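*Asks:* One structure follows; several queries about it will come next.
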Amino acid sequence: MNVAKALKYILGLCFMILLSFFNRSLAQEIKIELGPSEVASNQAWTITVTVSNGRLRSYDKFPEINEFQQRGTSSSSSTNIINGQISSSQSITMNYAPTQEGEFQVPSFTMEINGKQVSAQGKTIKVGPPLQRQSRRRRGNDPFGDPFEDFFGRNKPKEYVEVEDDAFFALTVDKEEVYLGEGFNTTLSFYVPQNSRAPLQFYETGKQLTEILKKIKPSNCWEENFNIDNINGEMVQLKDKAYNRYKIYQATFYPLTLEDIEFPSVSLEMIKYKVAKNPSFFGRNRQQDFKTFYTRPRTVKVNELPAHPLKDQVAVGNFWLDEKINSGNLKTGDSFNYVFEIKGEGNISAVDKPDVDSDEYFDFYDPNIRQNIRRSNNRVMGSKSFSYFGIPNEPGEFDLGKYFEWIYFDPYEEQYDTLKSEVVLNVTGESRRNEYISSNDMGSFYDGLEFKNNELKSFRGQTQFQIISNIIILILLVATAWVIFKK
């Protein structure tokens with residue numbers, strides 16, 4: 001009986017917990033409110049997202065509206081306690097500034113708020129002429145006025161001023177002139193002086209960057225992107241002045257043609273706040289505004305490589321060789337693995353395998369290839385390894401440098417260089433030359449084939465020979481039939 005009561009108690013408690021959770025879930029309300037149907041051309045129209053009895057954790061981008069410009073967001077929250085019941089709400093409001101007068105249609109739209117899809121019905125907005133602001137009556141003539149409002153200055157119009165920022169947007173390259181195939185590092189950054197008092201904020205950086213890259217990415221270059229995910233400031237020194245540099249894009253480009261690389265001027269729009277000329281304890285002390293920054297155009301000159309038979313095929317960079325072999329002492333017919341690994345700084349993706357040909361001494365097979373690229377500290381480093389499988393056919397001492405070598409151009413030394421194997425193989429055993437010959441011997445039937453005349457001849461002149469042959473065959477057939485029937 002006690003067990004049954006305990007079980008009922010536990011089930012009841014679980015039910016109450018689930019009911020509480022269910023009621024709490026139902027109590028949360030998410031809604032989207034559109035601004036009024038009529039506004040003046042100098043007034044802001046708004047879209048407000050409100051979450052009641054819950055926290056506004058995430059929300060989608062606000063919609064773009066034709067003939068309106070987004071002019072920043074504002075947020076608010078409230079908490080009420082009535083008869084011991086607590087209710088709260090959080091809101092985020094996007095302000096839209098009309099660009100002209102007239103009637104405009106706001107289409108229906110959907111936003112993802114706190115992981116849920118919330119729809120809003122569209123409406124028509126009428127934008128009228130500018131509203132003439134009337135001066136307020138003097139508080140001394142208002143018997144119901146609040147004397148504390150004038151004392152604290154809450155209702156006095158504020159004057160906002162722009163603070164000099166001395167910030168700039170720049171596209172920089174680490175080389176003004178490169179060889180064909182030589183890499184140069186390109187960085188797109190925003191610079192703000194460390195002692196700047198101007199409040200700046202990034203605005204829709206991802207969207208703007210997409211359009212910027214369409215303009216600055218050269219079509220005649222191979223790109224190694226550093227993939228900047230987070231924009232973080234780092235201190236740099238420019239002309240004895242400390243700046244915070246915010247990188248928004250970085251890549252190393254490798255020219256594929258002799259055309260010079262042209263980077264046009266591009267723009268970045270930032271939120272820049274104006275600050276109150278006479279800040280007060282109450283109300284806003286800054287006003288949101290926008291400022292556009294521009295980069296200067298840049299050009300990188302591309303030079304042709306010096307004369308060389310392989311100048312159109314070689315890689316360009318600073319490379320060195322790391323080689324490995326599973327054994328330096330072999331017997332004829334035994335297989336071995338040899339790794340020719342090219343390491344260094346340059347366009348690793350363009351590194352091609354060394355040309356290795358089999359001969360009577362060795363059989364070599366196409367290599368397995370492995371590539372590794374690292375992008376850090378404004379440099380592209382990496383390695384590319386070629387793993388060969390080989391079989392020696394003759395005994396002796398062999399220098400693999402005669403088989404494995406790779407030519408490249410060093411832009412720092414401005415000359416061609418060669419990576420060559422330094423491995424020496426000692427091969428013992430009997431020659432496999434006879435095995436090779438016998439494996440390719442097609443038999444005695446073909447021995448004299450090369451001495452025969454391969455001229456085509458017609459059988460038209462041998463009619464008499466064909467008639468005699470046919471008569472002999474016919475006699476043989478008749479004789480065979482006679483023998484069979486006689487038995």
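The values are calculated or read from the model by the stated rules, or taken from the named source; none is laboratory data. Source: prediction; values computed, not measured. Positions of Cβ are backbone-derived with ideal geometry, glycine not excepted, and every protein chain shown enters the neighbour counts. Note: accessible area is taken over every heavy atom of the protein model, side chains too, but ligands, DNA and RNA are not part of it. Shrake-Rupley method; radii C 1.70, N 1.55, O 1.52, S 1.80 Å.
*Asks:* For region 299-338, which positions are over 23 Å from residue 369 (Cα atoms), in contact with a Ser or Thr (Cβ under 8 Å, 6 or more places away or on another chain) and of a type outside the set (A, V, I, L, M)? Reasoning before the result, please.
*Replies:* First, the residues of region 299-338 that are over 23 Å from residue 369 (Cα atoms): 299-309, 311, 329-333.
Restricting the remaining residues to those that are in contact with a Ser or Thr (Cβ under 8 Å, 6 or more places away or on another chain) gives 302, 329-332.
Of everything in region 299-338, those that are over 23 Å from residue 369 (Cα atoms), in contact with a Ser or Thr (Cβ under 8 Å, 6 or more places away or on another chain) and of a type outside the set (A, V, I, L, M) turn out to be 329, 331, 332.
*Asks:* Among the residues of region 178-227, what is the count of those that are polar (S, T, N, Q), touching a residue at least 24 places away in the same chain (Cβ under 8 Å) and over 20 Å from residue 376 (Cα atoms)?
*Replies:* Residues meeting the conditions: 7.
*Asks:* Test of understanding: among 259, 269, which residue is out of contact with any Pro (no Cβ under 8 Å at 6 or more places or on another chain), open to solvent by 10 Å² or more (accessible area, probe 1.4 Å) and assigned to a loop (DSSP other than H, G, I, E, B)?
*Replies:* Answer to the check: 259.
*Asks:* Follow-up. Just name the residue that is modelled with the lowest pLDDT out of those in region 209-244 that are of a type outside the set (A, V, I, L, M), open to solvent by less than 50 Å² (accessible area, probe 1.4 Å) and in a strand (DSSP E or B).
*Replies:* Top of the filtered list is 233.
*Asks:* To continue, here is another question. Can you name the residue in region 349-369 that is hydroxyl-bearing (Ser, Thr, Tyr) and not in a loop (DSSP other than H, G, I, E, B) and is also least open to solvent (accessible area, probe 1.4 Å) among such residues?
*Replies:* 349
*Asks:* I've got another one for you. Considering only region 54-73, state which residues are of a type in the set (Ser, Thr, Tyr) and assigned to a strand (DSSP E or B). Can you show your working first?
*Replies:* The first filter runs over region 54-73 and keeps only residues of a type in the set (Ser, Thr, Tyr), leaving 58-59, 73.
The answer is 59, 73.
*Asks:* Within region 310-319, take every residue that is open to solvent by 50 Å² or more (accessible area, probe 1.4 Å) and under 24 Å from residue 366 (Cβ atoms) and give me the one that is farthest from the chain's Cα centre (by Cα).
*Replies:* Within region 310-319, the match that is farthest from the chain's Cα centre (by Cα) is 310.
*Asks:* Now for a different question. Just name the residue that is least open to solvent (accessible area, probe 1.4 Å) out of those in region 245-255 that are in contact (Cβ under 8 Å) with a residue 60 or more places away in the chain and under 21 Å from residue 198 (Cα atoms).
*Replies:* In this case the residue turns out to be 248.
*Asks:* A further question follows. Which of the residues spanning region 386-410 are surrounded by 20 or more Cβ atoms within 10 Å (Cβ to Cβ) and more than 30 Å from residue 431 (Cα to Cα)?
*Replies:* Within region 386-410, 408, 409 qualify.
*Asks:* If I ask for residues that are assigned to a strand (DSSP E or B) and open to solvent by less than 70 Å² (accessible area, probe 1.4 Å), which ones from region 320-330 would you list? Step through it out loud before you land on a result.
*Replies:* Going through region 320-330, the residues assigned to a strand (DSSP E or B) turn out to be 320-325, 329-330.
Within region 320-330, 321, 322, 323, 325, 330 qualify.
*Asks:* Further question on the same structure: Among the numbered criteria (1) outside any loop (DSSP other than H, G, I, E, B); (2) at pLDDT 50 or above, which single criterion is violated by residue 148?
*Replies:* (2)
*Asks:* Let me confirm something: among 333, 346, which residue is open to solvent by less than 20 Å² (accessible area, probe 1.4 Å) and not charged (D, E, K, R)?
*Replies:* After applying the criteria, what remains is 346.
*Asks:* State the number of residues belonging to region 293-309 that are closer than 17 Å to residue 178 by Cβ, outside any strand (DSSP E or B) and open to solvent by less than 40 Å² (accessible area, probe 1.4 Å).
*Replies:* Qualifying residue count for the region: 1.
*Asks:* I'd like the full set of residues that are aliphatic (A, V, I, L, M) and closer than 24 Å to residue 253 by Cα, limited to region 345-382. Talk me through it step by step, then tell me what you get.
*Replies:* Of all residues in region 345-382, those aliphatic (A, V, I, L, M) come to 348, 350-351, 356, 369, 373, 380-381.
Result: 348, 350, 351, 369, 373, 380, 381.
*Asks:* Here's another thing I want to ask about it. Going through region 182-204 one residue at a time, which ones are in contact with a strand residue (DSSP E or B) (Cβ under 6 Å, 6 or more places away or on another chain) and outside any loop (DSSP other than H, G, I, E, B)?
*Replies:* Correct list: 184, 185, 186, 187, 188, 189, 190, 191, 192, 193, 200, 201.
*Asks:* Could you please find all residues in region 370-384 being open to solvent by 20 Å² or more (accessible area, probe 1.4 Å) and either farther than 19 Å from residue 323 by Cα or touching a residue at least 60 places away in the same chain (Cβ under 8 Å) (or both)?
*Replies:* 373, 374, 375, 376, 377, 378, 379
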